[in-house]
Number of protein chains: 2
Amino acid sequence: MPTDLRRPQRTYTIRQLCLEFKCTPRALRFYEDKGLLTPARDGMNRVYSYKDRARLKLILQGKRVGLSLAEIGEILDLYDLDDGGAAQMAKSLRKFKERIVALESQREDIDRAIQELKVGCNNLEQKLIATRPDLLPRAADYDQMLRQRLDGLEHAGAK
Amino acid sequence: MPTDLRRPQRTYTIRQLCLEFKCTPRALRFYEDKGLLTPARDGMNRVYSYKDRARLKLILQGKRVGLSLAEIGEILDLYDLDDGGAAQMAKSLRKFKERIVALESQREDIDRAIQELKVGCNNLEQKLIATRPDLLPRAADYDQMLRQRLDGLEHAGAK
DNA sequence: GCGGCATCTTACGTTAACGTCAAGATGAGC
DNA sequence: GCTCATCTTGACGTTAACGTAAGATGCCGC
């Protein structure tokens with residue numbers, strides 16, 4: 001039967017993890033510098049355990065939701081602690097809720113900015129209609145723009 | 001009759017503008033370094049005209065909606081140009097629309113992150129309820145938190 | 001002539017998360 | 001023994017928008 005690439009006793013090289021999670025060796029070493037990862041060594045070379053892989057997964061999840069590496073570190077530090085993860089979970093919960101509040105505030109800022117910009121757009125369009133309607137973007141231009149963006153997405157491959 | 005502090009022929013010192021727009025001298029000099037402002041001089045000292053003041057106003061508006069100083073500069077450069085502002089308006093319009101698209105995309109990212117975090121919160125709460133309900137934040141804590149945040153807002157003065 | 005204040009220029013410091021060399025070690029394959 | 005590929009450890013570079021001294025200049029009133 002085929003080897004389960006993720007069974008708990010497996011180990012990983014730096015490159016394997018990078019390929020799996022689409023990051024660079026430099027990033028993993030950086031996380032190590034920051035104390036977020038502490039892989040074993042085989043001679044000079046780093047050897048990542050299944051637990052290291054789990055931690056990396058959490059790091060990347062944290063990054064996706066906008067936590068700083070420092071905050072992620074605080075959470076991870078509790079993983080190796082006392083009551084089987086309860087303290088860690090409680091801390092994560094707090095951090096998560098804080099982040100939700102911060103994100104919602106950010107979204108409000110963004111909504112305000114969008115409103116302000118839309119007002120600005122309307123003003124500009126009115127003035128341009130009155131003075132230089134030839135400078136207004138036309139439907140054809142918009143169409144072109146859309147096609148360019150779709151092109152970009154294709155060339156970038158699967159996102 | 002009282003002097004109109006904003007009549008077109010007025011001039012301003014760096015400090016006056018800073019007070020009016022709540023920014024620092026360092027910021028104005030920085031904008032000048034970047035070519036966004038070019039105040040006249042009286043000996044060594046900067047003398048800002050009414051037009052300079054208008055440009056500063058635009059700079060700060062641009063910043064509020066998240067345009068970089070470089071982008072703001074592109075727009076401002078067209079102010080001193082050809083067709084009485086039409087080109088500038090057209091460019092502003094493009095930039096504004098680009099920014100709206102970018103902001104809407106950013107908002108989607110934020111919404112995704114919030115969703116992910118809420119899922120995480122639910123998971124954590126379920127697990128904590130099952131294992132260590134004593135570690136769950138209680139209504140009293142939440143109340144306290146709210147009061148602290150209100151305090152913070154008050155001490156910070158008018159936003 | 002002097003304290004005090006506003007202004008000036010110059011230039012390094014800050015923050016986050018890595019990117020980008022550089023230079024050397026190691027093992028595999030031929 | 002040679003080359004290749006991969007790994008290692010430094011250590012400086014990047015980006016944005018200023019902050020923060022440090023030290024000079026200049027005007028005012030007294």
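The rotation axis that maps chain A onto chain B passes nearest to the beta carbon of this chain A residue, listed with its distance in whole angstrom: A:R107, 3. Legend: residues B:K127, B:K22, sorted from most to least accessible area (1.4 Å probe; ligands, DNA and RNA excluded), read B:K22, B:K127. Accessible surface of B:K118, taken over heavy atoms with a 1.4 Å probe and every protein chain present, rounds to 90 Å². Across the identical copies, the 7 Å label point of A:T11, projected outward along Cα→Cβ, sits 7.5 nm from its counterparts, in ascending order. Modelled spin labels at B:E20 and A:L19, positioned 7 Å past Cα toward Cβ, are 6.3 nm from each other.
Label-point distances for B:I129 to the equivalent site in the other copies, using a point 7 angstrom along Cα→C-beta, read 5.5 nm when ranked shortest first. Counts of other chain beta carbons within 10 angstrom of each beta carbon in peptide B:112-120 average 6. Solvent exposure of A:V119, expressed as accessible area, is near 80 Å², computed with a probe of 1.4 Å over the protein chains only.
The values are calculated or read from the model by the stated rules, or taken from the named source; none is laboratory data. This structure is a prediction, so every number in the text was calculated from the model and none was measured. Don't worry about glycine lacking a Cβ; one is built from the backbone with ideal geometry, like all the others, and counts go over all protein chains shown. For accessibility, only protein heavy atoms count, side chains too; no ligands or nucleic acids. Shrake-Rupley method; radii C 1.70, N 1.55, O 1.52, S 1.80 Å.
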